[in-house]
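Some notes on the structure that comes next.
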Amino acid sequence: MRLTDLTIRPTSSDLTRPSSPAAPAPLLVPPLRIGNVVVDPPILQAPMAGYTNFAFRQIVREFGGAGLQATEMVSARGFVWLTEQECENPDRLWGVKEEARPLAVQMWDNDPETLAKVGERLAKEYEVSVVDINFGCPVKDVSERAHSGSYLLRFPEKIGAIVERVVKACAPTPVTAKIRLGCSRDKINAIEVAKVVEASGAAALTVHGRTAADFFKGSADWENIAAIKPHLKRMPLIGNGDLDSAAKVVEAFRRYGVDGVMIARASLGRPWLFQQAAAALRGQPIPPEPTIEEQKACLLHHYALVCERFGDERGTTLMRKFACNYAQGLKGARFFRTHAAKVLTKVEFLAVVEEHFPRGQNLVAADSRIPLPTNP
Ligand SMILES: Cc1cc2nc3c(=O)[nH]c(=O)nc-3n(C[C@H](O)[C@H](O)[C@H](O)COP(=O)(O)O)c2cc1C
């Protein structure tokens, strides 16, 4: 069923209002099927390098609402090299073997054999639910230097060869791909790439509605995401870009006919966003933003998980950026950031959070909080 076929009664403002007696009418969005994996609700937590590690995923899982979570992208070549050196698994696979399913692991490279080898290990040894391949990363080290990620959008036939090989190696574990609209605005070729990805046996495609040249400039172009849908025969389409509220998630389904949506930056300081979006899709009252005290407690819980894994020193450094994300959009965030960005020890971290974590209400509606990180 397409969302455009459904009657949607609530307006955007209804959907962003905290729990009220006038709950939105039920919105029947069918669960997304990625091969044998049921993604319910069809809201996916995006892969984000440097952010979506086990600790972040665990926090999101505790709030609920993400039907499928993803790791940070893993270098397939790096993984093979570490194995040859008899080193430990990549840090980016922290927690993957033990944690709850469904879980997707994303990998990148440009060599079908290397990707197939790693994909097979992820599927068989790690027993992940979904193996995702990155064809969208515009960062120079991945794209221009390693001729991977978004660089490959120039060569749809190469993408096809990679997907086909990885699908074969991972079967029956489903393989998905994540792309941008194209390399640049004058070279948008997402429809062509999507058709190739589908013909090569992928179980779903995620499209970030920007081009590689855009990086994060401008807004995501959802019209061009929607334009892909009529060209697909069986493969579900997941739309991604700029979703930062429950209302926008509902709008994405309603207006653009996607089968699923993926949320990235907006969830970094607001891991409860999935829960809010899921409630909106189910027609339930949207849980209000947690109180400032609850947000602070969430940050400290996140910090404890990171320190447990990396130790207090490294954990403190790693958590600086997350601490800033949690404060973002709150009154006093800038002041907090200047302190949080400098902390070196656990004692300092806890003291800064205790003394300077914003006490004020949201500066702006949660809806329009602009996410911080812009490095993809
Ligand atoms: C810090 C950061 C790291 C990212 N890392 C990845 C990644 O590892 N793999 C990937 O496919 N996309 C990555 N992305 C892109 C996001 O998954 C997503 O496509 C993009 O941020 C647009 O969605 P949004 O507007 O909801 O943030 C990253 C984005 C950011 C901001």
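Derivation of every value follows stated rules applied to the coordinates shown; laboratory data play no part. All values derive from a computational prediction rather than experimental measurement. Because the Cβ atoms are built from the backbone with ideal geometry, glycine has one as well, and the counts that use them run over all protein chains shown.
Put a dot 7 Å past the Cα of residue 255, heading toward its Cβ, do the same for residue 147, and the two dots end up 4.0 nm apart.
The orientation-averaged shadow of the Cα convex hull for the range 94-196, equal to a quarter of the hull surface, comes to 6.6 nm². Rg then Dmax, both in Å and based on the Cα atoms of the range 292-364: 11.3, 35. Three semi-axes describe the equivalent ellipsoid of the range 140-229; taken as square roots of 5 times the Cα gyration tensor eigenvalues and ordered largest first, they are 22, 16, 11 Å. Springs join every pair of Cα atoms under 10 Å in this Gaussian network model of the chain, and among 335, 54, 349 the largest mean-square fluctuation is at 335.
As a calculated quantity, the FRET efficiency between residue 99 and residue 284 at R0 = 35 Å, using C-beta atoms, amounts to about 0.85. What residue among 191, 225, 179 has the largest mean-square fluctuation in a Gaussian network model of the chain, using Cα springs under 10 Å? Checking each option, the largest mean-square fluctuation is seen for 191.
Listed from fewest to most Cβ neighbours within 10 Å, the set 141, 259, 242, 111 follows the order 141, 111, 242, 259. In summary, the lysines within cross-link reach of residue 233, defined as a Cα separation below 25 angstrom excluding same-chain residues under 8 places away, comprise 158, 168, 178, 187, 195. Label-to-label distance, residue 87 versus residue 184, with points set 7 angstrom from Cα along the beta-carbon direction: 3.6 nm. Working note: Karplus 6.51/-1.76/1.60 with θ = phi - 60° gives the range 65-71 the couplings x, 9, x, 8, 10, 10, 7 Hz, where Gly and Pro are set to x. For residue 350 and residue 217, the FRET efficiency from 1/(1 + (r/R0)^6), where r spans their Cβ atoms and R0 equals 56 Å, is about 0.90. Remark: the residue 124-residue 140 segment gains 2.6 nm on full extension, using 0.36 nm per residue and subtracting the alpha carbon distance. The helix-based estimate of mean residue ellipticity at 222 nm for the chain, built from -39,500 (n - 2.57) per DSSP H run of four or more residues and divided by its residue count, is -11500 deg cm²/dmol to the nearest 500.
For the chain, taking Cα atoms only, Rg and Dmax work out to 20.1, 60 Å respectively.
Comparing the range 181-325 with the 2.2 N^0.38 Å rule of thumb, its C-alpha radius of gyration ratio is 1.25 (two decimals).
With distances taken between every two different alpha-carbon atoms, the range 123-168 has a Kirkwood hydrodynamic radius of 11.5 Å. The order of 319, 235, going from fewest to most other C-beta atoms within 10 Å of their C-beta, is 235, 319.
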